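S.K.: My questions all concern the structure below.
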Amino acid sequence: MNAAERIDAACSFLLQSPPGEINDVLNDVRNIISDDDSLHEGVLPALKEYNLTQFMTVDVPGTDYQSIISEAARVAATPEAQERFIDPRSKTSFSFDHLSLEASDSQPAEPDADSEPFRAALEKATLTYLSAHFHDGVASIFAAKDSTNKFVIQVVANKYNPSNYWAGRWRSEYTIDLNENDIQGKVLVNVHYYEQGNVQLSTTHTISLSLPAAVVTSSPSSSASKILALIEDEEGKYQTSLNDTYQEMGEKTFKGLRRALPVTKQKIDWDRALGPYKLGQELASSKGMFGNS
Amino acid sequence: MADLVDSMLDLMRRLPPTRTEENVTALIGICPEYADDLLGSVDQPLKLRTDRATGKEYLACDYNRDGESYRSPWSNEYDPPLDDGTIPTPKLRKLEIAANEAFDTYREMYFEGGASSVYLWDLDDGGFAGVVLLKKTMTPTTPHEPSGSWDSIHVFETAERGRQAHYKLTSTVMLQLVTRKGSDEAEEKGAGNGSKSAAGWKHEGEVSLSGSMTRQTEQDWPILDSSSHITNTGRMIEEMEIKMRNLLQEVYFGKTRDIVYDLRSVDDLEKARRQRELQKELVGFIKR
């Protein structure tokens, strides 16, 4: 493998990191590649991609809460300015270090006056939903970059418990398009359990819904709480359906792969399983006896 | 450079089990000089092959590999053929044939299908070692039926001590379960429940549970003749697989589910919080 291929492999490893283990994976990769100079430059794009797709959370400077680093939060770099990320809740933007995961150089960011009332209403409703159903959740709500009347709700909840060898991440994203009157959403759950093993749960769930006219024509705050009620209902149903899937896999697939005990409900009689061999041996030894006599 | 191998093994314990083969190949590409260490310590899904002589299926892994060829336990032949491929001594081969028959019975009784293979080899100190492999795959007949696979790798070492033998067993089970869900089914269910809001949603998704767990045990068993090694390892492996099946059930269907519920609660946490506060107030009120 040449140097470029090694960096590609390193990037692929990083992008596969389970929740909360990117630093462990990075340490392993550093040891394996053992060329810090080329690695540092080479894996930066992968770290950035990981942070954006995994909804990395960051302490927002000057606030007591976190916001989400994602494509929706990214303010594209221009020739004059470096890439920055926006937190619409505090109306600030900041630089973000993809390795140290720290925000700096916070500056005021004026929201778009037309979309802000609805975005703010969605934010309020989402934060209420967040505290009702997520144990350690973070949510950010953005006005879409590419279109007016389009909004993105992102939710992430992480639990890292390395001393008990497990970690989990729940990500939800909903794009609310008031031009098309629909919601496109996805829910992604990842769990890693690694005590004397490596077991991973990975789920994807995509959803789409046409918004009823009554939802769209209401005031921002009433419309937003109706949208969140739909999301709450859908996510609750999804979580319950996961239970059914678990049961189905446990009852059908797991049992179908290997029985707990044979049909006889008894363990194997190994002496009988050995039958032909034993018999063969006895014959051989008796033959020997005849031969000797 | 033991710590380099440690880093590779630590990495493999973290990366998705569904991509083990691809990642092992990449690691070997980066450090070709550690290929043997890696192939010897990272368990990969067993490959199903067909014995050209007998037409019977057998399982390929690092233990029956010589170069690019794999030895079948049924015909003792390498495929592609090798003139000087490593084979067990005649005495051990006899035991290997018997072990394959015994574990084929075991496979049929517990797995009701699939394939099994046993490979034995002599150790330098006079004892011998072996590996018992079992694999079953379930392929769905419709896209929304769950699919899955079970791979067992039981590696053992034994040393005779008079009329006793000491066994060291390392068992790994790889288990993969996948379920796909589509819109039709969800809508049917939604309609059946008469739920209004569910009817408008379109869903599509996949749930994948995959991984491996490893356990070890050491035991002493009496031996009467060489066939005792088969009954002894048979009992140990049966016991171990029963234990590991319970463990897998607990981790796959219990632990990972609990973690999902640690992330998100179906019930309203705020309501529960308010209720607790109200209760506290009431208790305080009664006390006064």
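S.K.: Can you run the Rg to Rh ratio on the range A:135-222? Use alpha carbon positions and the Kirkwood inverse-distance Rh.
M.R.: With Rh from the inverse mean 1/r over Cα pairs, Rg/Rh is 1.13.
S.K.: With +1 assigned to the C-beta of every Lys and Arg and -1 to the C-beta of every Asp and Glu, and no other charges, what is the dipole magnitude of the range A:1-156 about the Cα centre in debye, to the nearest 20?
M.R.: That gives the range A:1-156 a dipole magnitude of about 600 debye.
S.K.: Per residue of B:15-25, what is the mean number of Cβ atoms on other protein chains within 10 angstrom of that residue's Cβ?
M.R.: For peptide B:15-25, the averaged partner shielding equals 4.
S.K.: Once phi is turned into θ = phi - 60°, what whole-Hz ³J(HN,Hα) does the Karplus curve with 6.51, -1.76 and 1.60 give for every residue of the range B:152-167, x standing for Gly and Pro?
M.R.: 10, 10, 10, 9, 10, 10, 9, 9, 7, 10, x, 8, 10, 10, 9, 10
S.K.: Output the 0 to 90 degree angle, nearest 10, between the alpha-carbon long axis of helix B:228-249 and the longest principal axis computed from the alpha carbons of chain B.
M.R.: So the helix axis and the longest Cα principal axis differ by about 20 degrees.
S.K.: Nearest 0.05, what FRET efficiency do residue B:157 and residue A:30 give at R0 = 60 Å with Cβ-Cβ as r?
M.R.: 0.95
S.K.: Let me ask something else. Under the definition of partner shielding as Cβ atoms of other protein chains within 10 Å of a residue Cβ, what is the mean value for peptide A:242-252?
M.R.: Mean inter-chain Cβ contacts per residue within 10 Å come to 6.
S.K.: R0 = 51 Å: FRET efficiency of residue A:181 with residue B:62, Cβ-based, nearest 0.05?
M.R.: E(calc), rounded to 0.05, equals 0.35.
S.K.: Over the Cα atoms of the range B:20-129, Rg to Rh with Kirkwood Rh, two decimal places?
M.R.: 0.99
S.K.: Kyte-Doolittle cut-off 0.5, length cut-off 30 Å along the helix's own axis using Cα: show which whole DSSP H helices in chain A pass.
M.R.: none
S.K.: Out of residues 5 or more away from residue A:102 or on other chains, whose amide H comes under 5 Å of its own, with H placed 1.01 Å from N in the peptide plane?
M.R.: Answer set, sorted by chain and number: A:97.
S.K.: Let me ask another. Let me know the charge dipole size of the range B:1-154 about its Cα centre in debye, to the nearest 20, where only the beta-carbon of Lys, Arg (+1) and Asp, Glu (-1) is charged.
M.R.: 560
S.K.: Moving to a separate point now. Where a ≥ b ≥ c are the square roots of the eigenvalues of the C-alpha gyration tensor, would you call the protein assembly as shown rounded, which needs a/c under 1.5, or, failing that, prolate if a/b is larger than b/c, or oblate?
M.R.: prolate
S.K.: Here's a follow-up. Charges at C-beta only: +1 for Lys and Arg, -1 for Asp and Glu. How large is the resulting dipole of the protein assembly as shown about its Cα centre, in Debye rounded to 20?
M.R.: For the protein assembly as shown, the charge dipole is close to 2440 debye.
S.K.: Now for a separate question. From the phi of every residue in the range B:65-71, what ³J(HN,Hα) in whole Hz does the Karplus formula 6.51 cos²θ - 1.76 cosθ + 1.60 yield, where θ is phi - 60° and glycine or proline is x?
M.R.: 9, 9, x, 9, 9, 10, 8
S.K.: For chain A, what does the alpha-carbon gyration tensor say about shape, rounded, prolate or oblate, given a ≥ b ≥ c as the root eigenvalues, a/c under 1.5 as rounded, and a/b over b/c as prolate?
M.R.: Since a/c reaches 1.5 but b/c is at least a/b, the shape of chain A is classed as oblate.
S.K.: Same structure, new question: Name the residues whose placed amide hydrogens come within less than 5 Å of the amide hydrogen of residue A:65, ignoring near sequence neighbours (fewer than 5 apart) on the same chain.
M.R.: Under 5 Å from the amide H of residue A:65: A:60.
S.K.: Could I ask something else about it? For the range B:37-80, run through the GluC sites (Glu not before Pro) and keep only the ones in DSSP coil with at most 10 other Cβ atoms within 10 Å of their Cβ.
M.R.: Filter output for the range B:37-80: B:68.
S.K.: Report the calculated FRET efficiency for residue B:10 and residue B:112 (r = Cβ-Cβ distance, R0 = 56 Å), to the nearest 0.05.
M.R.: The value I calculate is 0.90.
S.K.: If you plug each phi of the range B:15-28 into the Karplus form 6.51 cos²θ - 1.76 cosθ + 1.60 with θ = phi - 60°, what whole-Hz ³J(HN,Hα) values come out, in order, with x for Gly and Pro?
M.R.: For the range B:15-28, the Karplus curve yields 6, x, x, 5, 10, 4, 4, 4, 6, 5, 4, 5, 5, 5 Hz.
S.K.: Just the Cα atoms of chain B, one point each, no solvent: what log10 I(q)/I(0) does Debye give at q = 0.08 Å⁻¹?
M.R.: Relative scattering, expressed as log10 I(q)/I(0), comes to -0.49.
S.K.: Most fluctuating residue of B:29, B:211, B:85 in a GNM of chain B with Cα springs under 10 Å: which is it?
M.R.: Result for chain B, Cα springs under 10 Å: B:29 fluctuates most.
S.K.: Hey, got a sec? Which trypsin sites (Lys or Arg not before Pro) in the range B:1-68 land in a DSSP loop and have at most 13 other Cβ atoms within 10 Å?
M.R.: Of the trypsin sites (Lys or Arg not before Pro), the ones in loops of the range B:1-68 whose Cβ has at most 13 other Cβ atoms within 10 Å are B:52.
S.K.: Just the Kirkwood number for the range A:176-244, please: inverse of mean 1/r across all distinct Cα pairs, in Å, one decimal.
M.R.: Radius from the Kirkwood sum: 14.1 Å.
S.K.: List the pairs from A:91/B:280; A:48/A:145; B:94/B:136; A:91/A:186 whose alpha-carbon separation is above 28 Å, in the order I gave them.
M.R.: Long pairs (Cα-Cα over 28 Å): A:91/B:280.
S.K.: Let me confirm one metric for peptide B:224-237, namely the mean number of other chain beta-carbon atoms within 10 Å of its residues' beta-carbons.
M.R.: 3
S.K.: Something else about it: Projected onto the charge dipole of chain B (+1 at Lys/Arg Cβ, -1 at Asp/Glu Cβ, origin at the Cα centre), which of B:249, B:100, B:278 gives the Cα projection farthest towards the positive end?
M.R.: With unit charges placed on the Cβ atoms, the residue in question is B:278.
S.K.: Which residues make up the longest stretch of chain A that has no trypsin sites (Lys or Arg not before Pro) in a DSSP loop with at most 16 other Cβ atoms within 10 Å?
M.R.: Free of exposed loop sites, the longest segment is A:146-258.
S.K.: Can you find, among B:15, B:4, B:70, the residue sitting farthest towards the positive end of the charge dipole of the range B:1-88, where Lys and Arg contribute +1 and Asp and Glu -1 at Cβ?
M.R.: Toward the positive end, the furthest listed residue is B:15.
S.K.: I've got another one for you. If only Cα atoms are counted, what is the Rg of the range B:213-288, and what is its Dmax, in Å?
M.R.: Reported Rg and Dmax, both Å: 25.8, 81.
S.K.: Quick check on the exposure proxy: order A:52, A:242 from fewest to most C-beta atoms within 10 angstrom.
M.R.: If I rank by nearby Cβ atoms, fewest first, I get A:52, A:242.
Each reported figure results from applying straightforward, stated rules to the coordinates on display, with no laboratory input. As the structure is a computational prediction, the values presented were derived from the model and not from experiment. Cβ atoms come from the backbone with ideal geometry, glycine included; neighbour counts cover every protein chain shown.
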